[in-house]
């Protein structure tokens, strides 16, 4: 890991701090193509852990994994008009194979509806074939933007994409809360993140969907970032791709469909949310190394200190993911700094004093607190400590929602708040023109219409003054 020349404070310039903290963590590196990212072992472990948390819950719900091709024939991509219009600027095309021009251009998968649904059309014949609930874990490419940000805005990213088919609208609609509940649970229990669940506006919904629901996050600089989403596709794709079935009365019907996803953007949101001026902080349940032991020795006592450090590791390794840093290349102080930048939740310092007292000095990354702990009690202590670290990170995430969203009642206050680095909660009439004007004037886009906040709406739209229909959040985004 290269040391940054000029460390940047998180609360002074979040954007620059974020890139520096993430790219100096040792978890990632830049790819050779702009907007692409290399996941090094500890970085990819984060994504593997998210997969391992989400996937069993999908399977328990009856969602099965499949794998479809990366390349999509152009005529497939063009079948659903609204869908292709929404993605036209983002598609990367393959026009040659070896030395030969292709007869038909192939899209590099921006999302998989148009390569999966021709197969669905063949496989689904009657109501007995439904529901069909498939998911794939893959990578996708989206090319439209000019200024990538590691993880938060990448040209290639990893995600899950669920594609489900139902016989009735009621069955399809019931899936929303189940899937969003899975995502919300994993975000809380593994990433220590609290998000805002709600519905996207028609202007911000997924291309081709009837409705889009999302979990949105307020970053420390007041910008919004979208996390997992769920799209109600209705019969749009089933009509475009002829996904029909014979119902129990023998009548041919179009199916109802949903799609949903969580991506590696969540890692960026997590690291940006939890990190501090020292660098990133990884929640304990996601960290490949939960506890790093740093021996402190001289040439005279090196052998016995290392022996003691490894005895400590053996004592706790059944309960925690532990690594002993035995490297001779750097001083203990240098190692402390590097492990803090790497975001390891807990550090154990082991020197002559600790060895003599059969103890260790425990350092917690989130608060920098230190405590001497006897090895006889170490496992119990660490178990409690890691839970405390997780809860502390989660509560800080929750508090950002309260401190970084400002409720405002008039348009001038909205503009002032956005300029000052806040997201805003406002009343809105539901008119696309008002939404577009707010975005044009402030560069703030609508986030979502939060669940649980739509009762007793009594007031005027913040932009046009007409009677309001919704409470909605706006903010600048990545």
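The values are calculated or read from the model by the stated rules, or taken from the named source; none is laboratory data. All figures in this text were calculated on a predicted structure; none of them were measured in a lab. Glycine also receives a Cβ, built like all others from the backbone with ideal geometry; neighbour counts cover every protein chain displayed.
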Answer from 83, 75 - the residue that is outside any loop (DSSP other than H, G, I, E, B), surrounded by 15 or more Cβ atoms within 10 Å (Cβ to Cβ) and at pLDDT below 95: 83
Residues satisfying the stated conditions in segment 137-181, i.e. assigned to a strand (DSSP E or B) and closer than 30 Å to residue 16 by Cβ: 139, 140, 141, 149, 153, 156, 157, 158, 159
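Can you go through 309, 293, 329, 287 and tell me which one is assigned to a loop (DSSP other than H, G, I, E, B) and either at pLDDT 95 or above or in contact with a strand residue (DSSP E or B) (Cβ under 8 Å, 6 or more places away or on another chain) (or both)?
Numbers: 309 fails: assigned to a loop (DSSP other than H, G, I, E, B); 293 fails: assigned to a loop (DSSP other than H, G, I, E, B); 329 fails: either at pLDDT 95 or above or in contact with a strand residue (DSSP E or B) (Cβ under 8 Å, 6 or more places away or on another chain) (or both).
Exactly one residue qualifies, and that residue is 287.
Regarding segment 193-201, can at least one residue be identified that is crowded, with 17+ Cβ neighbours inside 10 Å, part of a helix (DSSP H, G or I) and either free of Cβ contacts under 8 Å to residues at least 24 places away in the same chain or more than 18 Å from the chain's Cα centre (by Cα) (or both)? Please lay out each step first, then the result.
Here is the first cut: in segment 193-201, the ones crowded, with 17+ Cβ neighbours inside 10 Å are 193-201.
Now restrict to residues that are part of a helix (DSSP H, G or I): none.
Checked against the condition, which is being crowded, with 17+ Cβ neighbours inside 10 Å, part of a helix (DSSP H, G or I) and either free of Cβ contacts under 8 Å to residues at least 24 places away in the same chain or more than 18 Å from the chain's Cα centre (by Cα) (or both), segment 193-201 yields no hits at all.
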Subset of segment 341-353 [surrounded by fewer than 19 Cβ atoms within 10 Å (Cβ to Cβ) and touching a strand residue (DSSP E or B) at 6+ places or on another chain (Cβ under 9 Å)]: 353
Residues satisfying the stated conditions in segment 415-430, i.e. surrounded by fewer than 21 Cβ atoms within 10 Å (Cβ to Cβ), free of Cβ contacts under 8 Å to residues at least 40 places away in the same chain and touching a strand residue (DSSP E or B) at 6+ places or on another chain (Cβ under 8 Å): none
Residue 120 over 21 Å from the mean Cα position of the chain (by Cα) and in the same structural domain as residue 207 (by TED's automatic domain parsing): yes
Tally, over segment 221-277, of residues that are assigned to a strand (DSSP E or B), surrounded by fewer than 20 Cβ atoms within 10 Å (Cβ to Cβ) and more than 27 Å from the chain's Cα centre (by Cα): 5
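Restricting attention to segment 419-452, and to residues there that are in a loop (DSSP other than H, G, I, E, B) and closer than 14 Å to residue 405 by Cα, which single residue is farthest from the chain's Cα centre (by Cα)? Give the steps one after another, and end with the answer.
If we filter segment 419-452 for residues that are in a loop (DSSP other than H, G, I, E, B), which is where we start, we get 420-422, 429-431, 443-444, 447-448, 451-452.
Okay, now just the ones that are also closer than 14 Å to residue 405 by Cα, so 420-422, 444, 447-448.
Working: 420: 26, 421: 22, 422: 21, 444: 21, 447: 16, 448: 17 Å.
The extreme case among them is 420.
Specify which of the listed residues (90, 60, 12) is surrounded by fewer than 12 Cβ atoms within 10 Å (Cβ to Cβ) and part of a loop (DSSP other than H, G, I, E, B).
Details: 90 fails: surrounded by fewer than 12 Cβ atoms within 10 Å (Cβ to Cβ); 60 fails: part of a loop (DSSP other than H, G, I, E, B).
Sole residue among the options that is surrounded by fewer than 12 Cβ atoms within 10 Å (Cβ to Cβ) and part of a loop (DSSP other than H, G, I, E, B): 12.
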